[in-house]
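Worksheet: one structure, shown below.
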Amino acid sequence: MEGHVTYRFSTQKVDYHFGFGASRLSAITDRKSTVLLMDENVHALHGTRYRGWECIVIPPGERFKVQSTVDGIIQGLIERKADRQFTLVGIGGGVITDLAGYAASVYMRGIRFGFMPTTLLAMVDASIGGKNGIDVGPYKNMVGIIRQPAFILYDWAFLRTLPDAQWSEGFAEIIKHACIRDATAFRLLATYDIDRIRRKKEILHPLIERNARLKSAVVRRDEFERNERRLLNFGHTLGHAIETVHGLSHGSAVAVGMVLACRLSETRTGFKGTESVKSLIEAYGLPTSHPFHVTKVLDVLRMDKKRVSREMNYILLERIGKGIVHGLPMDELEGWVRSIR
Ligand code: GLY
């Protein structure tokens, strides 16, 4: 099924093209003034579909989501004589969408950019919302901007080559959306598991579109994260810290972070759904716990962007489908983290 929707953000409208093939790209952006950015993996699997397009290819992996890679991309744009009318299109997962969005936003003080997400995670999360940035040392996304892409083009064919582990990464964010805002999707997810839902295209593709729309609507109402958008950090506060310290994958760390946030919710909001959330997380191939180094995790938490002075905006659940922002004094948060067994 193909579909098209436009969301208007504060300074930019974003066109979402669901279920179109790579050929749609030439209808959206002029080949002569477009540069594609992809990593070596995507280039090896799908590069032939983009013959005739200018293409910058970089090595794969989060460790390349750093300033020196941005410098290389900018150099590549200069070598291709890209002017302010050019468009940079990131074709890939979250690392590529971050790098493309960030490099395009600083090159000549900002050129047009768009995304073709190739992973489930990028389709439902990383390509949406306009936050694009890079890591600095151990600190993830420490430098970046909020600037929306001109378009996001969804080609379901990319999912055919998605490695097994990458599916769970995407479902961690889909489960997150269900927990904070979409009890109906939570019930739908609970009637499947990761192996069965992957194969049901008629369920999977509308589910991806539903998640893209959900996140876009939340971001559109609060683009600069003053209120509602904070809900999208559910599971990410401790999750990010555990990911940084222990090198867990993002999805696994967020899954562990969601379970911990559910446990904290039990005492703060009377939340009763922890076991349902844990079952769903397990059904989608993700861990529900992980031992962590308390002191190192607390060091990373103190640098979290969600901390405001002595308080952390922590996302809790009142019930499945209803997330809330809860201001938690840092000393209380630290006491709770030390007490986790
Ligand atoms: N690029 C991801 C976000 O804005 O949330």
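Answer yes if at least one residue in the range 270-291 is under 15 Å from A241 (Cβ atoms), modelled with pLDDT of 90 or more and of a type in the set (F, W, Y), and no otherwise. There is no residue in the range 270-291 that is under 15 Å from A241 (Cβ atoms), modelled with pLDDT of 90 or more and of a type in the set (F, W, Y). Those strands (runs of 3 or more DSSP E) of the range 9-60 in which at least 2 residues are of a type in the set (A, V, I, L, M), considering only elements entirely within it, cover 34-39, 54-58. The set of residues in the range 239-249 being in a helix (DSSP H, G or I) and either free of Cβ contacts under 8 Å to residues at least 24 places away in the same chain or surrounded by fewer than 23 Cβ atoms within 10 Å (Cβ to Cβ) (or both) consists of G239, T244, V245, H246. You will find that of V245, V219, the residue that is away from the ligand (no atom under 16 Å from the Cβ) and among the β-branched types (V, I, T) is V245 and no other. Consider the range 127-154 and keep the residues that are within 28 Å of K201 (Cβ to Cβ) and in contact with a strand residue (DSSP E or B) (Cβ under 6 Å, 6 or more places away or on another chain). The one that is surrounded by the most Cβ atoms within 10 Å (Cβ to Cβ) is S127. Mind listing whichever residues of the range 22-43 are exposed (fewer than 13 other Cβ atoms within 10 Å of the Cβ) and farther than 17 Å from I111 by Cβ? Listed by number, the residues that qualify are S23, S26, A27.
Just wondering, is there one or more residues in the range 193-209 that are modelled with pLDDT of 95 or more, within 13 Å of the ligand (Cβ to nearest atom) and closer than 20 Å to S276 by Cβ? No, every residue in the range 193-209 fails to be modelled with pLDDT of 95 or more, within 13 Å of the ligand (Cβ to nearest atom) and closer than 20 Å to S276 by Cβ.
Taking the range 127-144 as the search range and keeping residues that are of a type in the set (A, V, I, L, M) and either modelled with pLDDT under 95 or in contact with a Pro (Cβ under 6 Å, 6 or more places away or on another chain) (or both), which one is nearest to the ligand (Cβ to nearest atom)?
M142
Conditions (1) touching a Gly at 6+ places or on another chain (Cβ under 7 Å); (2) under 21 Å from T119 (Cβ atoms); (3) free of Cβ contacts under 8 Å to residues at least 60 places away in the same chain; (4) of a type in the set (A, V, I, L, M, F, W, C), marked per residue:
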| site | (1), (2), (3), (4) |
| --- | --- |
| L25 | no, yes, no, yes |
| G47 | no, yes, yes, no |
| I56 | yes, yes, yes, yes |
| P59 | no, yes, yes, no |
| K65 | no, yes, no, no |
| V70 | no, yes, no, yes |
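You will find that of I315, I281, the residue that is in contact with a His (Cβ under 8 Å, 6 or more places away or on another chain), in contact (Cβ under 8 Å) with a residue 12 or more places away in the chain and of a type in the set (A, V, I, L, M, F, W, C) is I315 and no other. Of all residues in the range 82-118, those being within 14 Å of the ligand (Cβ to nearest atom), in a strand (DSSP E or B) and either touching a residue at least 60 places away in the same chain (Cβ under 8 Å) or of a type in the set (S, T, Y) (or both) number 1.
Rundown of residues vs (1) assigned to a helix (DSSP H, G or I); (2) away from the ligand (no atom under 16 Å from the Cβ); (3) hydroxyl-bearing (S, T, Y), yes/no style:
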residue: T237; (1), (2), (3): yes, no, yes
residue: G251; (1), (2), (3): yes, no, no
residue: A255; (1), (2), (3): yes, yes, no
residue: M258; (1), (2), (3): yes, yes, no
residue: A261; (1), (2), (3): yes, yes, no
residue: S265; (1), (2), (3): yes, yes, yes
residue: G270; (1), (2), (3): no, yes, no
residue: S279; (1), (2), (3): yes, yes, yes
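Total residues in the range 221-235 satisfying the condition of being surrounded by fewer than 17 Cβ atoms within 10 Å (Cβ to Cβ) and under 14 Å from G130 (Cα atoms): the figure is 3. If you filter the range 156-189 down to residues that are of a type in the set (F, W, Y) and surrounded by 20 or more Cβ atoms within 10 Å (Cβ to Cβ), you find that the one that is farthest from L316 (Cα to Cα) is F158.
The values are calculated or read from the model by the stated rules, or taken from the named source; none is laboratory data. Here the structure is a predicted model, which is why all the values come from computation and not from measurement. Neighbour counts are summed over all protein chains in view; Cβ atoms, including those assigned to glycine, are modelled from backbone coordinates with ideal geometry.
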